[in-house]
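Before any comments, here is the structure.
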Amino acid sequence: MNLNQLVVVVAMAALSMTTTSCNDRHPKYTIGGTVTGLHGSTLVLHSNLGEDLSITADGPFAFSVRAVDGTPYEVTATQQPTTPPQLCSVTGGDDGHGSGTVHGGNVMSLVVRCELVATKYTIGGTVTGLHGSTLVLHSNLGEDLSITADGPFAFSVRAADGTPYEVTAAQQPTTPPQLCSVTGGDDGHGGGTVHGGDVMSLVVGCELAATVVQRWQAPVTWGPVWQDDGHMVQHAYFGSADGNATDILEQTGIGWELVNGPLPPPKRFEGFPSRTRWGAGPFNGTRYQATVGDDALDLPRDMLVCAIVKPDYDPTYLGDTMEKPIVAKGFALGQQPEPGGGWVLMQMHAQFCFHYEWLDETNTSRMSMAYTPTFFADQNIPDNGPLNPSYVAICAGRSGNDIRIGANNVVATDFNMHHLGDGAIVLDSSGGHRATIGGYDTGTDHVFGGRIYEIAVWDEPATRENIQAKLAVLGLGLGAGDPAVPAYTRNREGPFIGRDGQYHSTWRHGPRIDPTKGFLFGLQGWNRASYCTTDEGAPVACTDPTATLVVAAGEALDLWTAGAGATVQKDQLEPPGDSERPSAELVELSPGASLSTALGAFDSPGVVHGQIWIRVPAATTGRIVLATSNPAVVGGVRGTSEHVVDLGTLAPNVWTRVWLKELTTDGASGTLTLSAAANNQAPVAFYAWGADLTQIGGGGDLGAFDPGPAMYDWSAPAPRAAGARIGQLYRVQDDPEYLIDVLELPPVPVSTASTGFCLSVDAQPSEGLGWEAPFVNPRGLVAWLNEQQRSTAQLYATGGPSSELCFWVTGASGPTCWRPTWSAGSKHNLKGCVSSTGQMRLFADDVQVGSTVSGVAPAPDLLGGHVAIGNNAGADPGTWSFAGLPSPWSGFVSKVLVCSDDGEGASVATCR
């Protein structure tokens, strides 16, 4: 090495020593901290020193790029984790948000906290009928959305699971002016709660504002929980996360504890399209009792209490009385005053009762009670039906100095309003009873043996309008805030198919709703296998002066006469549906053996519409035969009337509904026989229930059409004998000889005298049934009725083999009619219009059909009259004298409009 090279090496070494010495005097420090709550992948943290750091799990972290004393630092989350989505935020540091300056040491105080991000869902739906501009929809989540055309819509502001939503029309369209309303959602009117998915079921329907006078549209959903209108003081329903425990979900400040628990497993009910419900109970000694907050239920004057329950099937006596408390802020003991007893909503035998203890002006405690004419299944009252409904909704309470109660439809069931008296009357709650559900706080002598879905109490008067508004949640189709709600009346128990596809039933006056098709009307007739008897049990005609009782023999096969080789074991198995009580019989028949029962007379000679439910306990061979004693006579020759069931074709341990399509009648009363085929190789055993022989719509050969379970009915006509037990309890319109099935709208609010009017209905027959089906009786789609003017306007299908669709108005020379060519079960619009000059026209899907009838003078003014949907008459028998016997439509109705007429010969497409 020469001298120059040596100098360079020494110099470099010296430089190296100098650098090391400088670094030692200015050390670098680590930036980091701790991550907590991380579940997703991958979180990326960014340092302003130029480094990105990927984090995949909780724990300490540190950036590799370090900083000298005095260096500003800032750490942020530049990529949030996914799967599941999370939101991570940086805290700590000088400013508490991940920033600061290095102060001569490592910075390890940063904390990155991660939280799960709730999945958010879209709120939206579809707009139909929009012609004007611009419609503005408002969401309670804080967004206004402008709509200019029909089609789907969605708000940009989304909502997490459990978030309440409400969509309203904030601005109605103009040019031309229209009226748009929001339907759908949990409450059927654009409101509800997000249930873990997008809400795209809202429907905004728009009508020309100048045309529509009155409208009704079937709800697309029904059965949601009640909403707080500012007057709710108690609200509980029941739920279960795992199906093994019933949990009370109280929405107010009242606390509950379970006394004498636990309850049996909950009953899941998915008949309502709105949501799954859980029925708590039976409360056989167990009750919910309030622990705090129930003083709010000591309402001194006006109050309203409602409950949705599955009734106790057989409410026999327990202890010394028969009160079955559903919800109480007090105690009741029969019809005896119970000082301090407060109020009780209960089931008492086959009725619902509201028991009210009150103080008069002398401070004397008195008791009053209002009750419903429900008369559902009860072994102790033989006149009542055998079905135990899936649900009944009851509302009761006090308004001023009156108490009242109604079930399913207050207009049909509020016949026992009770006046407490005059003066300053207050509730007597001096007994200090705790609020209870399913029993009393005094012990276990009084229990509710049914199930409870929901209960609520409001500090508002129990007027008929307020009660009906609460019941509207069960599908009456107008908002709970609108006191002018329609009234639904049907004098039949009613099977329906729920959203779960299963068979359910509702007590009378409960609508049968299909969310896609609308309200189901008709398809029922009284069961000729149910008959009247004397007090001694002898079968007689219901018009016989000695008739006092109704026997439901269609279900109770133990009441049939058993021949040799036939045995019947009573109440061995639960029937199809939601009975929860064995009421189906086990039948054993040797070859050729038989059972028989009396049949009532039919409406007309011809086809019998019949069904029976059969269940074989194991794979079975053999045949059974159902036959009537008096077949129809055709061409002077009496035919046969029997239906053969091959038991070998039935799946074991499953209820099979058998449509009895070969039975006929000459119209006279007779006998129904159930027998085993004589050539069977061995005795046969099977369960049987629900034998129903009737004539829907007065009769008629419907070909291959099967109405399904909806036709089931147990009832016979009410005995006419003076003092007959059932006659004392039922009003005329409750007489089941004639099927009443009608939805009545409030009075028409606008005069049509100067414009004329149109009645428009969207309807369809039941699936598989033709529009021109040859029922014997006419079938009403929609009618306008005015009792004072004794006038009517009707859209209906005529009876007979050549059935037509017709429109008729009082004062016309005759109807205008058209024989439909539509396919069976299809949905269409039918419209009848009368101009102000008296021209009457009929339209099918907005195309005029039939002839124009002139000279309708004067054209009726619809103001003040009522629109009856699904029938040609209202529920009040006073309307029958001019409208004919009630005759319901055998199918669905989804929408009805009353419009002013657009003029003679003009298009009426806007009335849709």
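Under the condition of being surrounded by fewer than 20 Cβ atoms within 10 Å (Cβ to Cβ) and not in a loop (DSSP other than H, G, I, E, B), which residue from the range 174-190 is nearest to the chain's Cα centre (by Cα)? Talk me through it step by step, then tell me what you get.
Of the range 174-190, the ones surrounded by fewer than 20 Cβ atoms within 10 Å (Cβ to Cβ) are 174-177, 179, 181.
Retained after the next criterion (residues that are not in a loop (DSSP other than H, G, I, E, B)): 174, 179, 181.
Working: Thr174: 35, Leu179: 27, Ser181: 21 Å.
The selected residue is Ser181.
Would you call Val684 within 21 Å of Val568 (Cβ to Cβ) and buried (at least 20 other Cβ atoms within 10 Å of the Cβ)? Can you show your working first?
Working: within 21 Å of Val568 (Cβ to Cβ): yes; buried (at least 20 other Cβ atoms within 10 Å of the Cβ): yes.
Yes: the conditions hold for Val684.
Residues that are open to solvent by 60 Å² or more (accessible area, probe 1.4 Å), outside the structural domain of Tyr165 (by the TED database), β-branched (Val, Ile, Thr) and closer than 30 Å to Phe153 by Cβ occur in the range 60-83; there is at least one.
Listed by first and then second residue, the pairs linking a residue in the range 191-217 that is free of Cβ contacts under 8 Å to residues at least 40 places away in the same chain and open to solvent by less than 10 Å² (accessible area, probe 1.4 Å) to a residue that is among the aromatic types (Phe, Trp, Tyr) and part of a strand (DSSP E or B), with Cβ atoms under 9 Å apart and 6 or more places separating them unless they lie on different chains, are Gly191/Tyr165. The residue list Gly768, Gly850 contains one member that is in the same structural domain as Pro749 (by the TED database) and closer than 20 Å to Lys517 by Cα, which is Gly768. For Gly230, indicate whether it is open to solvent by 20 Å² or more (accessible area, probe 1.4 Å), free of Cβ contacts under 8 Å to residues at least 24 places away in the same chain and out of contact with any strand residue (DSSP E or B) (no Cβ under 8 Å at 6 or more places or on another chain). So Gly230 passes the test. Specify the residue that is farthest from Ala783 (Cα to Cα); the eligible residues are those in the range 847-875 that are in a loop (DSSP other than H, G, I, E, B), open to solvent by 50 Å² or more (accessible area, probe 1.4 Å) and touching a residue at least 40 places away in the same chain (Cβ under 8 Å). So the residue we want is Gly855.
Residues of the range 698-742 that are crowded, with 20+ Cβ neighbours inside 10 Å, modelled with pLDDT under 80, out of contact with any strand residue (DSSP E or B) (no Cβ under 7 Å at 6 or more places or on another chain) and farther than 21 Å from Pro511 by Cβ: Pro717, Ala718, Ala721, Ala724. For the range 27-63, filtering for residues that are modelled with pLDDT of 95 or more, among the β-branched types (Val, Ile, Thr) and part of a loop (DSSP other than H, G, I, E, B) leaves 1.
Can you tell me which residue among Gly600, Gly610, Gly577, Gly690 is in contact (Cβ under 8 Å) with a residue 24 or more places away in the chain, buried (at least 21 other Cβ atoms within 10 Å of the Cβ) and over 30 Å from Pro774 (Cβ atoms)? First the steps, then the outcome.
Working: Gly600 fails: over 30 Å from Pro774 (Cβ atoms); Gly610 fails: over 30 Å from Pro774 (Cβ atoms); Gly690 fails: over 30 Å from Pro774 (Cβ atoms).
Exactly one residue qualifies, and that residue is Gly577.
Among the residues of the range 163-173, write down those that are at pLDDT 90 or above and open to solvent by less than 30 Å² (accessible area, probe 1.4 Å). Residues satisfying the conditions are Tyr165, Val167.
Whether a residue is in contact (Cβ under 8 Å) with a residue 12 or more places away in the chain and over 30 Å from Gly162 (Cα atoms) was assessed, and Leu43 does not pass this test.
When you scan the range 64-110, how many residues do you find that are among the hydrophobic types (A, V, I, L, M, F, W, C) and either part of a loop (DSSP other than H, G, I, E, B) or within 57 Å of the chain's Cα centre (by Cα) (or both)? Even if it seems obvious, please write down each step before you answer.
Start the filter on the range 64-110 by keeping residues that are among the hydrophobic types (A, V, I, L, M, F, W, C), which leaves 65, 67-68, 75, 77, 87-88, 90, 102, 107-108, 110.
Narrowing the set further to residues that are either part of a loop (DSSP other than H, G, I, E, B) or within 57 Å of the chain's Cα centre (by Cα) (or both) leaves 65, 75, 77, 87-88, 90, 102, 110.
Selection size over the range 64-110: 8.
The set of residues in the range 432-445 being at negative phi, open to solvent by 10 Å² or more (accessible area, probe 1.4 Å) and either assigned to a strand (DSSP E or B) or hydroxyl-bearing (Ser, Thr, Tyr) (or both) consists of Thr442, Thr444, Asp445. Out of all the residues in the range 285-294, is one or more open to solvent by 30 Å² or more (accessible area, probe 1.4 Å), farther than 22 Å from Leu249 by Cβ and modelled with pLDDT of 85 or more? The answer is no; no qualifying residue exists.
Among residues of the range 149-162 being modelled with pLDDT of 90 or more and in a loop (DSSP other than H, G, I, E, B), the one that is surrounded by the most Cβ atoms within 10 Å (Cβ to Cβ) is Phe155.
Give the residues of the range 90-148 that are under 30 Å from Gly70 (Cβ atoms) and surrounded by 19 or more Cβ atoms within 10 Å (Cβ to Cβ), sorted by residue number.
First, the residues of the range 90-148 that are under 30 Å from Gly70 (Cβ atoms): 90-113.
Across the range 90-148, the qualifying residues are Val90, Gly92, Gly93, Gly98, Gly100, Val102, Val107, Leu110, Val112.
Identification of strands (runs of 3 or more DSSP E) wholly contained in the range 452-556 with 1 or more residues that are modelled with pLDDT under 85, open to solvent by less than 10 Å² (accessible area, probe 1.4 Å) and farther than 30 Å from Leu781 by Cβ yields 530-533, 549-552.
Taken over the range 673-692, residues that are in a strand (DSSP E or B) and at pLDDT 95 or above amount to 9.
Scanning the range 574-598 for residues that are in a loop (DSSP other than H, G, I, E, B) and charged (D, E, K, R) gives Glu574, Asp578, Glu580, Arg581.
The values are calculated or read from the model by the stated rules, or taken from the named source; none is laboratory data. Keep in mind that what you see is a predicted model, and the values were worked out from it rather than measured. All Cβ positions, even for glycine, are placed from backbone atoms using ideal geometry, and neighbour counts span all protein chains on display. Surface areas here come from the heavy atoms of the whole protein model, side chains and all, with no ligands, DNA or RNA. Shrake-Rupley method; radii C 1.70, N 1.55, O 1.52, S 1.80 Å.
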